[in-house]
Amino acid sequence: MVKSLETGRQSLMGSHSVAGVSPVEGSGGETPKTALAPQSELLKPGIKAPVQETLLTPRFYTTDFEAAAQLDISAQEAELLAIVEELRADYNRDHFVRDEEFKQCWDHIDGETRVAFIDFLERSCTSEFSGFLLFKELSRRLKNRNPILAEAFNFMARDEARHAGFLNKSMADFNLSLDLSYLTKNRTYTFFPPEWIIYTVYLSEKIGYWRYILVYRHMEKHPEHQIYPLFRKFESWCQDENRHGDFFKALLRSQPQLWNNWKARLWVRFFLLSVFATHTLTVFERATFYQSIGIDPREYNIRVIEETNNTAARAFPLILNTNHPEFFRRLEQCSDLNLKIAEISNSDAYGGKLRSSIVKFCQKLPLIASIVGHLLQTYLIKPVDAESLRGTVH
């Protein structure tokens, strides 16, 4: 698998380099504190070491390509072909250009803001690159088996490559970049069956749309917070995310087993909650970044989740009841506990002595159990039947 993904990485470095995406070229309460490391570790000068892999870091995925090739998409073929035509049009081919606004010194962005912004760029770049690798491999494996899907995945890989490269070039403005070749070879690949891939990528693209568009709209209203020109690219950027999500929505609806039975309803609740919980934890971990651009992390998190949840009603048989008084309260409790876990991980001193990994694990265990308990209680909140609302959802 890694060998074939390396082929995809070479495609990113080659066929998309014209767009400036060379992966390693340099040039309910008080918002909690951020949990970012104060300094960046380096693989070599100018090349940042990847963040430690955790449940919250962007993951690299592989899947059952044979099962993916056998997907029967006939029920939604017309809609899928229409989206492929949109992808082929490549509306953003000239959008990701580093204009004169980028060509300046960015040393005035310093301190916690700089650390938080680099963390945002790194995680976003890693996430986009992960999508590129998966889509490129799906396109290669399905080329002679399911040409409609293969073509769509090829176009989506193109978009993800541009995003990843543009973010990596932005990191280079802060004298750092990621070695995406190193990531390809050294990151752990998580296996998801095609059904899970469809659920997670659909939600990832749609929540990505809302994350980007809400930041863009905020910057339009408050240009004084426009600390870096990347944010000006977010309007067209998020349209890529939206098109990708629409493709996966049509793909999902072409598979009745993913939405038209009781098992699917349980899985939908699980993936919605997983994505929303992960978003909550990462937003509060990056509180410093959002505050630096004038965004209240708590309000932003709630808006992103509510909008994504409402959007998901177009694809899923149910959505979560985000209006329930316990919903966001429990997610924010999970965030508080997660930050305490991060404090334990980042601190060695305890009672004047160094803490061993075993001691740290024992201290984390009750906090982890509490997070699981809150998530379970949130999962059990009665969901909203989206099928009955389908004609009224916009």
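Checking TRP106 against (1) more than 24 Å from ARG59 (Cβ to Cβ); (2) outside any loop (DSSP other than H, G, I, E, B); (3) in contact with a Phe, Trp or Tyr (Cβ under 7 Å, 6 or more places away or on another chain), only one condition comes out false. Which one?
Every listed condition holds for TRP106 apart from (2).
How about region 289-299: which of its residues are crowded, with 19+ Cβ neighbours inside 10 Å and either in contact with a Leu (Cβ under 7 Å, 6 or more places away or on another chain) or not in a helix (DSSP H, G or I) (or both)?
Looking only at region 289-299, we keep the residues that are crowded, with 19+ Cβ neighbours inside 10 Å, and these are 289-290, 292-293, 295, 297-298.
ILE293, ILE295 - these are the residues of region 289-299 that are crowded, with 19+ Cβ neighbours inside 10 Å and either in contact with a Leu (Cβ under 7 Å, 6 or more places away or on another chain) or not in a helix (DSSP H, G or I) (or both).
Conditions: (1) closer than 22 Å to LEU167 by Cα; (2) in a loop (DSSP other than H, G, I, E, B); (3) at pLDDT 90 or above; (4) of a type outside the set (Lys, Arg). THR34 meets all but one. Number of the miss?
(3)
Please work out which one of (1) on the phi < 0 side of the Ramachandran plot; (2) open to solvent by less than 60 Å² (accessible area, probe 1.4 Å) is the condition GLU151 fails and give its number.
Checking GLU151 against (1) on the phi < 0 side of the Ramachandran plot; (2) open to solvent by less than 60 Å² (accessible area, probe 1.4 Å), the one that fails is (2).
Cβ contacts < 7 Å: first residue closer than 19 Å to TRP106 by Cα, restricted to region 159-171; second residue of a type in the set (Lys, Arg) and surrounded by fewer than 23 Cβ atoms within 10 Å (Cβ to Cβ), any location; separation 6+ or different chain. Result?
LYS169/ARG98
Rundown of residues vs (1) within 30 Å of HIS108 (Cβ to Cβ); (2) charged (D, E, K, R); (3) at pLDDT 95 or above, yes/no style:
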{"residue": "HIS218", "(1), (2), (3)": "yes, no, yes"}
{"residue": "ILE227", "(1), (2), (3)": "yes, no, no"}
{"residue": "LEU230", "(1), (2), (3)": "yes, no, no"}
{"residue": "SER236", "(1), (2), (3)": "yes, no, no"}
{"residue": "ARG243", "(1), (2), (3)": "no, yes, yes"}
{"residue": "LYS249", "(1), (2), (3)": "no, yes, yes"}
{"residue": "PRO256", "(1), (2), (3)": "no, no, yes"}
{"residue": "LYS263", "(1), (2), (3)": "no, yes, yes"}
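Select from region 57-92 the residues that are surrounded by 13 or more Cβ atoms within 10 Å (Cβ to Cβ), not acidic (Asp, Glu) and not in a helix (DSSP H, G or I) and list them in ascending order.
THR57, PRO58, ARG59, PHE60, TYR61, THR62, THR63, LEU71, ILE73, ASN92
How many residues does region 93-133 contain that are closer than 18 Å to GLY208 by Cα and surrounded by fewer than 11 Cβ atoms within 10 Å (Cβ to Cβ)?
0
Among the numbered criteria (1) among the hydroxyl-bearing types (Ser, Thr, Tyr); (2) more than 20 Å from LEU55 (Cα to Cα); (3) in contact with a Ser or Thr (Cβ under 8 Å, 6 or more places away or on another chain), which one does THR190 miss?
(2)
Return a yes/no flag: does region 315-325 have any residue that is within 23 Å of PHE120 (Cβ to Cβ) and at pLDDT 95 or above.
No, because not a single residue in region 315-325 is within 23 Å of PHE120 (Cβ to Cβ) and at pLDDT 95 or above.
State all residues of region 204-231 that are over 16 Å from the mean Cα position of the chain (by Cα) and assigned to a helix (DSSP H, G or I); if no residue qualifies, say none.
Keep residues of region 204-231 that are over 16 Å from the mean Cα position of the chain (by Cα), which gives 216-231.
If the condition is that a residue be over 16 Å from the mean Cα position of the chain (by Cα) and assigned to a helix (DSSP H, G or I), then TYR216, ARG217, HIS218, MET219, GLU220, LYS221, PRO223, GLU224, HIS225, PRO229, LEU230, PHE231 are the ones that fit.
Being aliphatic (A, V, I, L, M) and crowded, with 19+ Cβ neighbours inside 10 Å narrows it down to one of LEU258, LEU266, so name that one.
Details: LEU266 fails: crowded, with 19+ Cβ neighbours inside 10 Å.
It is LEU258.
Within region 232-247, identify whether any single residue is more than 20 Å from ASN301 (Cβ to Cβ), among the hydrophobic types (A, V, I, L, M, F, W, C) and not in a helix (DSSP H, G or I), and answer yes or no.
No, because not a single residue in region 232-247 is more than 20 Å from ASN301 (Cβ to Cβ), among the hydrophobic types (A, V, I, L, M, F, W, C) and not in a helix (DSSP H, G or I).
I'd like to check something: does region 322-340 contain any residue that is part of a loop (DSSP other than H, G, I, E, B), touching a Ser or Thr at 6+ places or on another chain (Cβ under 9 Å), open to solvent by less than 40 Å² (accessible area, probe 1.4 Å) and within 27 Å of PHE361 (Cα to Cα)?
no
Quick one: how many residues across region 174-203 are part of a strand (DSSP E or B) and buried (at least 19 other Cβ atoms within 10 Å of the Cβ)?
Pass one, region 174-203, residues part of a strand (DSSP E or B): 177, 189-191.
Now drop any that are not buried (at least 19 other Cβ atoms within 10 Å of the Cβ), which leaves 177.
Total meeting the criteria: 1.
Which numbered condition in (1) open to solvent by 20 Å² or more (accessible area, probe 1.4 Å); (2) within 25 Å of ASP94 (Cα to Cα); (3) in a helix (DSSP H, G or I) is the only one that PHE166 fails?
(1)
The values are calculated or read from the model by the stated rules, or taken from the named source; none is laboratory data. Values in this document were obtained by computation on a predicted structure and should not be read as measured data. Every residue, glycine as well, gets a Cβ built from its backbone with ideal geometry; the counts of neighbours run over all protein chains shown. In case anyone asks, the SASA skips ligands and DNA or RNA and just uses the protein heavy atoms, side chains included. Shrake-Rupley method; radii C 1.70, N 1.55, O 1.52, S 1.80 Å.
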